[in-house]
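Student: My questions will all concern the structure given below.
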Amino acid sequence: MYLFQSARGREIHLPDYPPTSLADLNLFGTGDDDSNPSSGKFYKNKQNLPWAIHVSGTFDYPVEKAKITDAHLKFSQWAQSVGSIYPDWYLHLPGYRNPEKIYQVPQ
């Protein structure tokens with residue numbers, strides 16, 4: 001079981017937003033992080049997927065422990081294209097989702 005322990009210095013922002021002055025810059029490039037401050041790349045992994053997203057509208061999130069890329073099948077292509085393809089990746093369109101990986105609110 002993984003427990004996230006909050007610690008000042010650990011920050012998550014929308015992709016390519018710079019860290020605050022309180023961020024621990026030594027964390028960049030560790031684990032799956034591929035941030036590169038000298039090139040202005042922040043808060044993305046090695047596949048160029050963001051650590052955080054902003055969706056203007058309704059978003060059907062994945063079931064617990066499912067990756068967003070397993071639930072929303074166009075997400076990865078959208079993120080890797082920096083939003084130029086599949087800007088509607090989160091919509092309920094044919095071929096865009098794996099319904100088994102989308103959380104369903106109990107009736």
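The values are calculated or read from the model by the stated rules, or taken from the named source; none is laboratory data. Here the structure is a predicted model, which means the values were calculated and not measured. So basically every Cβ, Gly included, is an ideal-geometry build from the backbone, and we count neighbours across all protein chains shown.
Student: Could you check segment 26-41 and list, in sequence order, the residues that are closer than 19 Å to Arg8 by Cβ and within 14 Å of the chain's Cα centre (by Cα)?
Tutor: Listed by number, the residues that qualify are Asp33, Ser35.
Student: Take the conditions at negative phi and not aliphatic (A, V, I, L, M) and apply them to Lys65. Does it pass?
Tutor: Against the criterion (at negative phi and not aliphatic (A, V, I, L, M)), Lys65 does not qualify.
Student: Just one of Ile85, Ile53, Ile12 is β-branched (Val, Ile, Thr), out of contact with any His (no Cβ under 6 Å at 6 or more places or on another chain) and modelled with pLDDT of 95 or more; which is it?
Tutor: Residue meeting the stated conditions: Ile85.
Student: Could you please tell me which pairs satisfy a Cβ distance under 8 Å, a separation of 6+ or placement on different chains, a first residue in segment 92-107 that is farther than 18 Å from Thr58 by Cβ, and a second residue that is basic (Lys, Arg)?
Tutor: Gly95/Lys74
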